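Participant: Would you mind keeping the following structure in view while I ask a few things?
Please treat every number below as a calculation from the coordinates, not as lab data. Model, not experiment: these values are computed from the prediction. Don't worry about glycine lacking a Cβ; one is built from the backbone with ideal geometry, like all the others, and counts go over all protein chains shown.
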Amino acid sequence: MTPATRQEVLGLYRRVLHIAKNWQSASGQIEETMREKEYIRNEARTLFRKNKNVTDPKLIKQCIEECEARIEIGLHYNIPYPRPIHLPPMGLAHKQGRTLRHQEKLRKISKPIYLKSHDEIS
């Protein structure tokens with residue numbers, strides 16, 4: 001990891017922790033706010049520790065993009081949890097000769113960037 005990339009990653013981590021510190025839930029309830037703050041801190045801690053040994057520049061860039069997307073979506077919708085995607089079970093392929101394996105590949109490709117790591121840790 002280059003020093004510039006390291007600084008960018010550390011800056012993202014600090015930004016997430018700052019967001020968690022100042023987070024206010026949409027409902028305004030103290031218990032829910034505390035639960036969401038804790039979720040943000042735990043999610044950041046888990047994902048950053050999981051990816052601390054990543055050395056591939058493309059994978060590092062993908063992780064940075066995912067983090068930035070989750071930050072922007074969380075701040076925009078005021079929801080710290082990843083937004084789910086809703087795809088019909090067999091809605092991505094034609095009915096003629098497509099296999100289940102191809103369906104799974106299409107579903108994986110269509111997954112938004114902000115959900116790439118969420119299924120791996122939950």
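Participant: With N set to the residue count of segment 1-89, report its C-alpha Rg divided by 2.2 N^0.38 Å to two decimal places.
Facilitator: Taking N as the residue count of segment 1-89, the ratio is 1.19.
Participant: Take Leu75 and Met1, extend 7 Å from each Cα along the Cα→Cβ direction, and tell me the distance between the two endpoints in nm.
Facilitator: 2.1
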